[in-house]
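The values are calculated or read from the model by the stated rules, or taken from the named source; none is laboratory data. Small disclaimer: the values here were computed from a predicted structure and weren't measured. Glycine also receives a Cβ, built like all others from the backbone with ideal geometry; neighbour counts cover every protein chain displayed.
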């Protein structure tokens, strides 16, 4: 695998920012790692960080580079600070950056597939929220999306947690996001009723996680609305032990056209 720390200027944000990128490399001489690279452009997984982290965190806290080495897939990890992958009320337009500019720039820098069937997104906590929101708002962009301990009932989480409400003032201001395009529950209902493309969805959350009830609510709504979601609720908490184990399950679940075993 090739690991690239990519610094670049964002016209949307009006500032320099960065992304961490893993690219496939066929290297028979590497010891202890099975590497793969298919012909043509790479399938891509956009892998999103959580609220207190940045674009380097998946690489630092898990073995993501090793986990994807045999899959022939690129991994793009952007940095969005504490924006909740949203156009901030008092800050930068990170949703526009994420959904419009980032894929265009990443594809111009690296040989990434343009096909929807080769595009995937996943993330943890705030990044799980971002992954589901991105896939449901832009279903023509993604074949599949996965949330690990995601904030999938953000409106309810804000209402029941004064600290969260205060910390997200810069992002959402005083507005109620329930029933808006920033609400994963509302987006799920709209997607279920749509005749358009429906990305495959995967969610996992530990039963001891403070976000567990919100994840259960998302699953129950999906069942009522008729939107199939692959769900894993198992013992675990909001920590890297859980996410390191479950990102491997997400990679096994991804509908890659060609794969070798992890």
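The set of residues in region 60-86 that are in a helix (DSSP H, G or I) and farther than 20 Å from residue 26 by Cα comprises 60, 61.
Residues being crowded, with 18+ Cβ neighbours inside 10 Å, in contact with a strand residue (DSSP E or B) (Cβ under 8 Å, 6 or more places away or on another chain) and not in a strand (DSSP E or B) are entirely absent from region 33-42. Which of the residues belonging to region 222-251 are at positive phi and in contact with a strand residue (DSSP E or B) (Cβ under 9 Å, 6 or more places away or on another chain)? 236, the sole residue that qualifies. For region 87-98, the set of residues classified as in contact (Cβ under 8 Å) with a residue 40 or more places away in the chain and either under 14 Å from residue 138 (Cβ atoms) or in a strand (DSSP E or B) (or both) consists of 93, 96, 97, listed by residue number. Looking only at residues of region 223-250 that are touching a helix residue (DSSP H, G or I) at 6+ places or on another chain (Cβ under 6 Å) and closer than 25 Å to residue 143 by Cβ, we find that the one that is surrounded by the most Cβ atoms within 10 Å (Cβ to Cβ) is 227.
Of the residues 7, 25, the single one that is free of Cβ contacts under 8 Å to residues at least 40 places away in the same chain, in contact with a strand residue (DSSP E or B) (Cβ under 8 Å, 6 or more places away or on another chain) and assigned to a strand (DSSP E or B) is 7. If only residues of region 131-153 that are outside any strand (DSSP E or B) and more than 14 Å from residue 99 (Cα to Cα) are counted, the one that is farthest from the chain's Cα centre (by Cα) is 153. Restricting attention to region 168-190, the residues that are within 18 Å of residue 95 (Cβ to Cβ), assigned to a helix (DSSP H, G or I) and touching a residue at least 12 places away in the same chain (Cβ under 8 Å) add up to 9. Residues that are assigned to a helix (DSSP H, G or I) and crowded, with 22+ Cβ neighbours inside 10 Å within region 192-217 comprise 214, 215, listed in sequence order. From the list 156, 128, 123, the lone residue that is touching a strand residue (DSSP E or B) at 6+ places or on another chain (Cβ under 7 Å) and in a helix (DSSP H, G or I) is 128.
Considering only residues in region 156-176 that are in contact with a helix residue (DSSP H, G or I) (Cβ under 8 Å, 6 or more places away or on another chain) and over 12 Å from residue 84 (Cβ atoms), the one that is surrounded by the most Cβ atoms within 10 Å (Cβ to Cβ) turns out to be 156. Kindly establish whether residue 185 is over 24 Å from residue 58 (Cα atoms), more than 12 Å from the chain's Cα centre (by Cα), at pLDDT 95 or above and surrounded by 15 or more Cβ atoms within 10 Å (Cβ to Cβ). In short, yes.
Out of 22, 73, one residue alone is crowded, with 19+ Cβ neighbours inside 10 Å, in contact with a helix residue (DSSP H, G or I) (Cβ under 6 Å, 6 or more places away or on another chain) and closer than 23 Å to residue 143 by Cβ. It is 22. Do we find that residue 50 is in a loop (DSSP other than H, G, I, E, B), in contact (Cβ under 8 Å) with a residue 40 or more places away in the chain, over 25 Å from residue 133 (Cα atoms) and in contact with a strand residue (DSSP E or B) (Cβ under 8 Å, 6 or more places away or on another chain) in this structure? Spelling it out, it is not the case that residue 50 is in a loop (DSSP other than H, G, I, E, B), in contact (Cβ under 8 Å) with a residue 40 or more places away in the chain, over 25 Å from residue 133 (Cα atoms) and in contact with a strand residue (DSSP E or B) (Cβ under 8 Å, 6 or more places away or on another chain). Condition check for residue 97 on (1) surrounded by 19 or more Cβ atoms within 10 Å (Cβ to Cβ); (2) touching a helix residue (DSSP H, G or I) at 6+ places or on another chain (Cβ under 9 Å); (3) under 23 Å from residue 180 (Cβ atoms): one failure, at (2).
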